[in-house]
Amino acid sequence: MSLPVEAESQSAAYYVSSRRLPRLQELSLIGIIVLLGAALSYFGWRYAMPGHPNLFLNPDNLVDGIATPMSVYAIMAVGATCVIIAGGIDISVGSIFALSGLASAAVLQQMPVDASAWLVIPVAILIPMIVGSLCGLFNGALVVILRIHPFIVTLGTMVIFRGIGNVSVREKILPDSRHQLPAVFSHFMRAQIAGQRLMPMLVMLACVLAGAIYLHLSVAGRKNYAVGGNEEAARFSGIRTGRVKLLVYTISGLTAGVAGMVSLGRFSSMSTNTATGYELMVIAGAVVGGASLLGGRGTALGALLGTLVIAIIGNGIYTLQLPEENRSIIVGAAILVAAALDSRLTARLRGSRGGN
Amino acid sequence: MKRGWIAGIGVACLGTLLLVVSSCKKAAETNAGGAAEKIIIGIVAKSQSNAVFQAAHAGARDAGKELSAKLGKDIEIDIKTPTDEDPQAQADAIGALVREGARGIAVSCSNGAALKQPIDDAVDKGVVVVCFDSDSKGSKRMCYYGTDDRQCGINVMLQLAKAMNDEGTIAILGGNQSAPNLQGRIAGVREELKNHPKIKELKDGQGVFYHEEKPEKAAEAVGNAQNANPQITGWAMIGGWPLFAADALPWKGDAVKCVSVDALPPELTYLKSGQVEMLLAQDCYSWGHKSVELLIDKIVNNKSPESDRIIDPLTPVTAANADEWAQKWKNWLGK
């Protein structure tokens, strides 16, 4: 009987120490964001054309150039963080994103262009969330039942989900040439608030908030950390690890579905190859945000901040007027530098606090 | 240490605020000064890695230089083509160009429907937009310059039928199955095929082979299809993707007839080996050159083109004129 008690205390101790570290990491990420912002604001001022505002520090750029494009990555990064905390990985999110958006577009295009908002918006929101969740549940079930490494499972489903989209959509783009999407959904997703289209950013913030509540304020979130910190100890302490895994993959699928919904509303179109390769940026956002690929560590706020760092660097290429062909090198190198800097800053902060 | 860290963040925030104030001051000063006119033209093609768009970039740069000298303006060509095909990256690039102060943008749409809103937003902010190569139908763009995709498909099939003496079985190499311009070309091939009753599409109308638009993937698709279906006697390639790779075609000489769109330098060698009968060349250089001309004409002279679809006819390239065409490419890309 002593083993479960010991395991439980071990798991709880891990949870407590793992909560302290992310706060330090988030603080160091905020420092990096402020430094990047200050540097880019200077260059944005220097390189602005006469009579034009600062290229970086203006509301249009901060919302349209950074917050809106990053929203789909950050939403998925919250789900990816939950999976990574549980010691897993999900590389099928780009395909789930596309499949959810295609499913939603396929239903919406059957409605009249002037269909009522009361009918269109619930359908446009619920369908991608349901499809995304089902895809995630399928991933989770395969991981739990087959006991294959999640990388392999989600590599397989990444191709399967993309293939289902390709087979189901004859013209490969929805709405197809004979249909249009109801106008009310794109009006909703592109609604102007204070002169800016803030809806993708608001959905992103809502997802981060929901992710933070789940991870930090719920019993399920605590189990999530425990499974990733030490799966065996978690199992001995009575946690049904299979259920936890099912839940985290479902959450990851759900967030990919939400991201698909945001993208469909923003562009009023979804093609079968949409979001190809997005999974790498999503995982990069989560890892830069402090999620440990070994499991047991990460936060929803960290996912947001990590994605924001990458988005600012990507936007900085426009601000600094650098050639586009250098983008991959710059973003890749910057991710490494940001992760290294973050790790150093966290270590220093931890040292200065004398904590774990 | 903790206090020092917080103070550091505070100083950085203060610095940012000071920069905002100073940037506002600078903008006001430059407004008053009335600097010389500069016209920024943005180019957003589908991807950096495709040589046809490198030719378009070269054309745009040349047009910028020529028109700067001719009109006495400072025309700057700002190329913001994404590394890989991604409509969201193209939308971001269009937004960045608008914020930067571009007065005209030429874009080749990876997904015309997805780019409709970003194009409309740019036009609403006073930016003139031209689509080249791949259109965004229904958007507020001024005009489209490029190939008529349906007609392109018809021409490919017409030339292939001639090469096959009007009989045999064909396969179609389709590229990215999500690209609307390629779907238009496939429709053109099938439309013309109806006029040649002794030529059949493989598997009773299921003879399109899609693939990632990379030379090795395209070559793999052709090789696998030909091995599995040796009855194929003709290939209608609506894009020349496999021909960028060496030894990409699994047949020798003219055992299988092939007509392909595009005639870039690596593709010309297949004409000489006889493995490809004819290449139908798109004037990729003019995608950039003509687009910049159209934009500047509108911005400087307020002159719109007569039609909102300007069609560039395809140039047939065979073994006979392959060298001449190769020289053209040297001139375009050597600049």
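State the number of residues belonging to region A:247-288 that are within 14 Å of another protein chain (Cβ to nearest Cβ) and either part of a helix (DSSP H, G or I) or of a type outside the set (Ser, Thr, Tyr) (or both).
As a first pass, look at region A:247-288 and keep what is within 14 Å of another protein chain (Cβ to nearest Cβ): A:259-260, A:262-282.
If we keep only those that are either part of a helix (DSSP H, G or I) or of a type outside the set (Ser, Thr, Tyr) (or both) as well, we get A:259-260, A:262-267, A:270, A:273, A:275, A:277-282.
Total satisfying the criteria: 17.
Residues in region A:297-313 that are surrounded by fewer than 24 Cβ atoms within 10 Å (Cβ to Cβ) and part of a loop (DSSP other than H, G, I, E, B): how many?
1
Of B:113, B:106, B:122, which residue is at the interface with another protein chain (Cβ under 8 Å from one of its Cβ atoms) and either touching a strand residue (DSSP E or B) at 6+ places or on another chain (Cβ under 7 Å) or without any contact (Cβ under 8 Å) to a residue 24 or more places away in the chain (or both)? First the steps, then the outcome.
Working: B:106 fails: at the interface with another protein chain (Cβ under 8 Å from one of its Cβ atoms); B:122 fails: at the interface with another protein chain (Cβ under 8 Å from one of its Cβ atoms).
After applying the criteria, what remains is B:113.
Filter region A:325-339 down to the residues that are surrounded by 20 or more Cβ atoms within 10 Å (Cβ to Cβ) and not aliphatic (A, V, I, L, M) and list them by number.
Passing the criteria: only A:327.
So, residue B:264, is that one outside the structural domain of residue B:107 (by TED's automatic domain parsing), surrounded by 20 or more Cβ atoms within 10 Å (Cβ to Cβ) and at pLDDT 90 or above or not? Before the answer, list the steps.
On the way: outside the structural domain of residue B:107 (by TED's automatic domain parsing): yes; surrounded by 20 or more Cβ atoms within 10 Å (Cβ to Cβ): yes; at pLDDT 90 or above: no.
Spelling it out, it is not the case that residue B:264 is outside the structural domain of residue B:107 (by TED's automatic domain parsing), surrounded by 20 or more Cβ atoms within 10 Å (Cβ to Cβ) and at pLDDT 90 or above.
Restricting attention to region B:146-181, which residues are surrounded by 21 or more Cβ atoms within 10 Å (Cβ to Cβ), among the β-branched types (Val, Ile, Thr) and at pLDDT 95 or above?
Correct list: B:156, B:170, B:172.
Conditions: (1) touching a residue at least 12 places away in the same chain (Cβ under 8 Å); (2) surrounded by fewer than 17 Cβ atoms within 10 Å (Cβ to Cβ); (3) not in a helix (DSSP H, G or I). Residue B:258 meets all but one. Number of the miss?
For residue B:258, the exception is condition (2).
Just to check your reading of the model, which residue among A:264, A:247, A:294 is within 30 Å of residue A:344 (Cα to Cα), in contact (Cβ under 8 Å) with a residue 12 or more places away in the chain and not hydroxyl-bearing (Ser, Thr, Tyr)? So that I can check it myself, show each step before the final result.
Working: A:264 fails: within 30 Å of residue A:344 (Cα to Cα); A:247 fails: within 30 Å of residue A:344 (Cα to Cα).
On inspection, the qualifying residue turns out to be A:294.
Quick check on my filter: what residues within region B:126-178 are hydrophobic (A, V, I, L, M, F, W, C) and within 28 Å of residue B:106 (Cβ to Cβ)? Spell out the reasoning first.
Just the residues of region B:126-178 that are hydrophobic (A, V, I, L, M, F, W, C), to begin with: B:127-132, B:142-143, B:152, B:154, B:156-158, B:160-161, B:163-164, B:170-173.
If the condition is that a residue be hydrophobic (A, V, I, L, M, F, W, C) and within 28 Å of residue B:106 (Cβ to Cβ), then B:127, B:128, B:129, B:130, B:131, B:132, B:142, B:143, B:152, B:154, B:156, B:173 are the ones that fit.
Taking the conditions exactly as written (out of contact with any helix residue (DSSP H, G or I) (no Cβ under 8 Å at 6 or more places or on another chain), assigned by TED's automatic domain parsing to the domain that holds residue B:232 and among the aliphatic types (A, V, I, L, M)), does residue B:161 satisfy them or not?
Values: out of contact with any helix residue (DSSP H, G or I) (no Cβ under 8 Å at 6 or more places or on another chain): no; assigned by TED's automatic domain parsing to the domain that holds residue B:232: yes; among the aliphatic types (A, V, I, L, M): yes.
Taking the combined requirement at face value, the residue does not satisfy it.
Would region A:274-284 turn up any residue that is without any contact (Cβ under 8 Å) to a residue 60 or more places away in the chain and among the small types (Gly, Ala, Ser)?
yes
Residues to consider are B:223, B:184, B:188, B:253; find the one that is touching a residue at least 12 places away in the same chain (Cβ under 8 Å), in a helix (DSSP H, G or I) and either among the charged types (D, E, K, R) or surrounded by fewer than 18 Cβ atoms within 10 Å (Cβ to Cβ) (or both).
B:223 is the lone residue from the list that is touching a residue at least 12 places away in the same chain (Cβ under 8 Å), in a helix (DSSP H, G or I) and either among the charged types (D, E, K, R) or surrounded by fewer than 18 Cβ atoms within 10 Å (Cβ to Cβ) (or both).
Could you run through region A:139-171 and say how many residues are under 20 Å from the mean Cα position of the chain (by Cα) and either in contact (Cβ under 8 Å) with a residue 24 or more places away in the chain or not in a helix (DSSP H, G or I) (or both)?
11
Which is touching a Lys or Arg at 6+ places or on another chain (Cβ under 7 Å), part of a helix (DSSP H, G or I), in contact (Cβ under 8 Å) with a residue 12 or more places away in the chain and farther than 22 Å from residue A:281 by Cα, of A:55, A:24? Let's see the steps before the verdict.
Details: A:55 fails: part of a helix (DSSP H, G or I).
When all the criteria are applied, what remains is A:24.
Select, from B:281, B:236, the only residue that is among the hydrophobic types (A, V, I, L, M, F, W, C), at pLDDT 90 or above and within 17 Å of residue B:164 (Cβ to Cβ).
Values: B:281 fails: within 17 Å of residue B:164 (Cβ to Cβ).
From the options B:281, B:236, the qualifying one is B:236.
Confirm whether residue A:65 is assigned to a helix (DSSP H, G or I) and farther than 30 Å from residue A:231 by Cα.
yes
Tell me whether region B:192-212 contains one or more residues that are in contact with a strand residue (DSSP E or B) (Cβ under 8 Å, 6 or more places away or on another chain), free of Cβ contacts under 8 Å to residues at least 40 places away in the same chain, of a type in the set (Asp, Glu) and not assigned by TED's automatic domain parsing to the domain that holds residue B:56.
yes
Taking region B:176-212 as the search range and keeping residues that are of a type in the set (Lys, Arg) and more than 15 Å from residue B:166 (Cα to Cα), which one is nearest to the other protein chains (Cβ to nearest Cβ)? Walk me through it before giving the result.
Within region B:176-212, the first condition is being of a type in the set (Lys, Arg), and the residues that meet it are B:185, B:190, B:194, B:198, B:200, B:203.
Subset that is more than 15 Å from residue B:166 (Cα to Cα): B:185, B:203.
Details: B:185: 14, B:203: 16 Å.
Going through the qualifying residues, I end up with B:185.
Being more than 8 Å from chain B (Cβ to nearest Cβ), over 30 Å from residue A:247 (Cα atoms) and crowded, with 24+ Cβ neighbours inside 10 Å is the filter here, so list the residues in region A:33-83 that pass it.
Hits for region A:33-83 are A:40, A:56.
Cβ contacts < 6 Å: first residue closer than 12 Å to residue A:277 by Cα and more than 7 Å from every other protein chain (Cβ to nearest Cβ), restricted to region B:84-99; second residue buried (at least 24 other Cβ atoms within 10 Å of the Cβ) and of a type in the set (D, E, K, R), any location; separation 6+ or different chain. Result?
From residues that are closer than 12 Å to residue A:277 by Cα and more than 7 Å from every other protein chain (Cβ to nearest Cβ), the pairs are B:85/B:46.
Restricting attention to region B:270-321, report how many residues are part of a helix (DSSP H, G or I), free of Cβ contacts under 8 Å to residues at least 24 places away in the same chain and not hydroxyl-bearing (Ser, Thr, Tyr).
From region B:270-321, those part of a helix (DSSP H, G or I) are B:270-273, B:284-301, B:319-321; that's our starting set.
Applying the additional criterion that residues be free of Cβ contacts under 8 Å to residues at least 24 places away in the same chain yields B:273, B:297, B:301, B:320-321.
Within this subset, residues satisfying the condition of being not hydroxyl-bearing (Ser, Thr, Tyr) are B:297, B:301, B:320-321.
Count: 4.
Examine region A:222-233 for a residue that is within 14 Å of chain B (Cβ to nearest Cβ), more than 17 Å from the chain's Cα centre (by Cα) and among the acidic types (Asp, Glu), and state whether such a residue exists. Walk me through it before giving the result.
So in region A:222-233, the residues within 14 Å of chain B (Cβ to nearest Cβ) come out as none.
Looking for residues that are within 14 Å of chain B (Cβ to nearest Cβ), more than 17 Å from the chain's Cα centre (by Cα) and among the acidic types (Asp, Glu), one finds none in region A:222-233, hence no.
Across region A:159-178, what is the number of residues that are more than 11 Å from chain B (Cβ to nearest Cβ) and at pLDDT below 85?
1
The values are calculated or read from the model by the stated rules, or taken from the named source; none is laboratory data. All values reported here derive from a predicted model rather than from experimental measurement. All Cβ positions, even for glycine, are placed from backbone atoms using ideal geometry, and neighbour counts span all protein chains on display.
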